[in-house]
Number of protein chains: 2
Amino acid sequence: MSEVKILNAGSLPNIPWQDRPADLKTETPVWRYSENPVLGRNPTPEIARIFNSAVVPWEDGYIAVLRGEQVNGVPYVYLGHSKDGIHWDVEREKVPFTDEDGNPMMPHYAYDPRLVKVEDTYYIIWCGDFHGASIGMAKTKDFKTFTRLENPFIPFNRNAVLFPRKINGTFRLFSRPSDSGHTPFGDIFLSESPDMVFWGKHRHVMGSGGEWWQGVKIGAGAAPIETTEGWLLFYHGVSSTCNGFVYSMGGAILDINEPSKVLYRCANYLLTPEEPYEVSGFVPNVVFPCATLQDGDTGRIAIYYGAADTHVGLAFTTVDSVVNYIKSHSVLHYGDDEAKHNY
Amino acid sequence: MSEVKILNAGSLPNIPWQDRPADLKTETPVWRYSENPVLGRNPTPEIARIFNSAVVPWEDGYIAVLRGEQVNGVPYVYLGHSKDGIHWDVEREKVPFTDEDGNPMMPHYAYDPRLVKVEDTYYIIWCGDFHGASIGMAKTKDFKTFTRLENPFIPFNRNAVLFPRKINGTFRLFSRPSDSGHTPFGDIFLSESPDMVFWGKHRHVMGSGGEWWQGVKIGAGAAPIETTEGWLLFYHGVSSTCNGFVYSMGGAILDINEPSKVLYRCANYLLTPEEPYEVSGFVPNVVFPCATLQDGDTGRIAIYYGAADTHVGLAFTTVDSVVNYIKSHSVLHYGDDEAKHNY
């Protein structure tokens, strides 16, 4: 196959990176950072654990929105700063969300944040409480003021992930309709907005089922990466066991102009809990991707993922190897390859 | 109290009507049509039962979108025609929904339709399947062509009810976030749209709880009626028993310009299953309001409600008596009276 390229990502020469170890037992094109985890227990006196967090390049380094589980057990969003994307300084104060007039407007709780730049604005998206689990959003340009946006959906919903650019003039947002508990089902949907206020033209993207590692539910993970083969999506898939859920990372390629249409979907997981910090922790057996960094020049991709609801792990791949692995192990499920209707 | 008037409803001198019987044992300002039910079992060879249906004035009589349970057990939407709003001719063919190009676009199933006129267009809103229970919509101007609109929400959702006019330039739609089964919870939310395509600015209107007849869940019923005291909303409230749910009808008054704000909410039900056709049927103990007719001149209101998932019942009230009963028995729950925030 011809070499796959990342589009519209620019150069990121200081991307965190290690080459693939020669002695891996697996064929999956994703490998872990040898010094994992990069964040974890008790980073500040106020935070018990950091996991499920998102990173973007910022100034001469990186900035992150972190899921910090407070010592009262309530999750919130904190900022992290890093020169190399690996060693992090965590702010002790919560992200100070405000309304449009600058008045404090703090969510009751906020978890699993994503952080996506579209044009000149950074959007923070999290799961919060709106008379039930639902999606909260805010925007910033300077990481000093954080202005809340309208909630895009009514409950119950989790795992909202924004595309890094408009498509045919509108914003696009993945989400995963849920229930009020530890939802035992879940498909990925896509919604469209002209203005980040009103949302519609909802489409079903792909469902759970098929292979057992994604048999119970799936949810979008990192913001999609634009490539010469389509949008590269890292997502999570969940298996059910007699002792609870197991979260793995999968990959799919979506049509560049109509991303509700799945072109390829990897039947095998790309990363599954194996390491001590993934199989053991507050919630054992969780690998939960939330963000990537990518270098358009080399095709390198760094993946940030939550591990066992306790740590942040870092993994690596290249766009060429991961796209070709997904394509060569692709099994589409019923309806994946259709532009989705309205029924 | 000063007399309450209906606003913007026009004259409807041929509204179905009976005066309140003198011998009613109850104080509730709603009474039943003496010849109930008006629709029910086996109206056509294809339909086993008709219930949960909506009516509007049309030409020199009335037209209805009917929930017809087919003899295969799958619900669908049919048209009904009536001169007096009481005696109905039911069409044997399903409502022929199409896409914008006129191609057939039939839902897999459709139930609990509402029918609301806004400006010069009639909107049909139902619950259908979009990878889970969710809201379907179509529009018509002539009741011959029925053009599907985009689904307003991702699953799971039921009981969507449109306001009969725009408020501050936007359409307003009630709905009730749900789960994938016989949902054991449920609050009424309000959403806003500039164009009936994109929806946002979602607000929580009111929740279940408090009085036991509405302790499990609530959902909007008929399109709100504009009055001099605010929007008059008939809704359903559900109680749980050892042998299943019991559905009653309640009433609330909402702020005319900011209808997520509840001004008055009647602590007592307005109608509860008592008659044989309400307490017995396919689903015993259901009173489920879906539509009203109103005469602006006299203040008369005719309420169409589903009875026991088997029949359509008709009940009557006057705007003055029902609004004053709601006001004098009003108990607001926590947060009902706030303009709702975004948390």
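The values are calculated or read from the model by the stated rules, or taken from the named source; none is laboratory data. What you see is a predicted model, and the numbers here were worked out from it, not measured in a lab. Cβ atoms come from the backbone with ideal geometry, glycine included; neighbour counts cover every protein chain shown. All accessible areas refer to the heavy atoms of the entire protein, side chains included, with ligands and DNA or RNA removed. Shrake-Rupley method; radii C 1.70, N 1.55, O 1.52, S 1.80 Å.
Details
- Rolling a 1.4 Å probe over the heavy atoms of the protein chains gives segment A:194-338 an accessible area of 30 Å² per residue.
- Cα pair distances exceeding 15 angstrom across segment B:214-277, given as percent: 53 percent
- Converting the Cα gyration tensor eigenvalues of segment A:1-75 into ellipsoid dimensions via √(5λ) gives semi-axes, longest first, of 30, 19, 11 Å.
- Value of relative contact order over segment A:176-262, rounded to a whole percent, pairs C-alpha under 8 Å and six or more apart: 22 percent
- Annotation for the B:A interface, with buried accessible surface near 3400 Å², both sides summed [1.4 Å probe; non-protein components not counted].
- A convex hull fitted around the alpha carbon atoms of the protein assembly as shown yields 161 Å³ per residue.
- The alpha carbons of segment B:92-251 stretch over 48, 38, 30 Å along the principal axes, in descending order.
- FRET efficiency, 1/(1 + (r/R0)^6) with R0 25 Å, evaluated for residue B:25 and residue B:242 via beta carbons: 0.40
- Excluding exposed DSSP-loop trypsin sites (Lys or Arg not before Pro) (at most 16 other C-beta within 10 Å), longest clean stretch of chain A: A:167-343
- Largest to smallest accessible area among A:111, A:235 [probe 1.4 Å]: A:111, A:235
- Residue separation of residue B:297 and residue B:120 scaled by 0.36 nm, minus their Cα-Cα distance, works out to 61.5 nm of gained length.
- Label separation (residue B:279 vs residue B:144): 4.8 nm, computed from points 7 Å beyond Cα along the C-beta direction.
- The heavy atoms of residue B:256 offer some 40 square angstrom of accessible surface to a 1.4 angstrom probe.
- Cα centroid of segment B:1-66 to Cα centroid of segment B:106-179, whole Å: 21 Å
- Comparing the full protein assembly with the isolated chain (1.4 Å probe, heavy atoms, ligands and nucleic acids excluded), the residues of segment A:147-178 losing at least 20 square angstrom of accessible area are A:148, A:150, A:151, A:154, A:155, A:156, A:177.
- Identity and axial distance of the chain A residue whose Cβ lies nearest the axis relating A to B, Å: A:198, 2
- Computed from phi, the 3J(HN,Hα) profile of segment A:175-181 under the Karplus parametrisation 6.51, -1.76, 1.60 (θ = phi - 60°) reads 7, 9, x, 9, 10, 7, x Hz, with x in place of Gly and Pro.
- Applying 0.36 nm per residue to the separation of residue B:101 and residue B:3 and subtracting their alpha-carbon distance, the gain on full extension is 30.4 nm.
- The figure for residue B:7 is an accessible area of roughly 70 square angstrom, using a 1.4 Å probe on the protein chains alone.
- A label point on residue B:168, set 7 Å along the Cα-to-Cβ line, lies at 3.1 nm from each of its counterparts in the other copies, closest listed first.
- The alpha carbons of segment B:283-343 stretch over 40, 36, 22 Å along the principal axes, in descending order.
- Here segment B:211-343 yields Rg over Rh of 0.98, to two decimals, using C-alpha coordinates and the Kirkwood radius.
- The portion of the accessible surface of chain B made up by carbon and sulfur, rounded to a whole percent, is 49 (1.4 Å probe; DNA, RNA and ligands excluded).
- Chain A - convex hull of the alpha-carbon atoms, volume per residue in Å³: 133 Å³
- Förster radius 22 Å - calculated FRET efficiency between residue A:332 and residue A:257 (Cβ-Cβ, nearest 0.05): 0.75
- Sorted shortest first, the distances from the residue A:58 label point to those of the same residue in the other copies are 5.8 nm; each point sits 7 Å from Cα along Cα-to-Cβ.
- Nm distances between copies for residue B:181, ranked from closest, using label points 7 Å along Cα→Cβ: 0.8
- Low-density loop cleavage sites - GluC sites (Glu not before Pro) in segment B:258-343, where at most 16 other Cβ are within 10 Å (DSSP): B:274, B:338
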